[in-house]
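Shown next, in structure tokens, is the structure this report addresses.
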Amino acid sequence: MLQVTCEYYMKHGACIPRCVHTVVVSVQHSEKISLEDLRADVMTKVIRAVIPEKYLNGNTTFHINPCGLFVVGGPQVGGGFLAPFALTVFYGSSF
């Protein structure tokens, strides 16, 4: 899951990006990688590789796997009222 919140300003009717306010990334990973290594890799290989540096500043907030380890995921952990819908959307109708 990736979520990027940006700040914009209007100029002659156009919405111009000012900066990235917050980046949230949650990724499932192997139990063989530490949370610290995962966070460092996501920051360098994903966030800094994709978002132009001019939009990142000292006020940009980064949340990388903010809930900690994410080793188990997918249909095994999908449950609850919306589980059949979510499984179909994310994994297809043949799960």
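Data for the structure
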| item | result |
| --- | --- |
| Any pair with Cβ under 6 angstrom, 6 or more apart, that starts in the range 26-40 at a residue that is within 17 Å of L2 (Cβ to Cβ) and ends at one that is of a type outside the set (K, R) and assigned to a helix (DSSP H, G or I) | H29/L38 |
| Filtered residue count, the range 43-62, keeping only those that are at pLDDT 95 or above and within 11 Å of the chain's Cα centre (by Cα) | 3 |
| R18 among the basic types (K, R), modelled with pLDDT of 95 or more and farther than 17 Å from N65 by Cβ | yes |
| Members of the range 9-57 found to be in a strand (DSSP E or B) and either touching a Phe, Trp or Tyr at 6+ places or on another chain (Cβ under 9 Å) or surrounded by 12 or more Cβ atoms within 10 Å (Cβ to Cβ) (or both), listed by number | C15, I16, P17, R18, C19, V20, H21, T22, V23, V24, V25 |
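The values are calculated or read from the model by the stated rules, or taken from the named source; none is laboratory data. Everything numeric in this text was worked out from a predicted model, so none of it was measured. Here the Cβ is made from the backbone with ideal geometry for all residues, glycine too, and neighbour counts use every protein chain on show.
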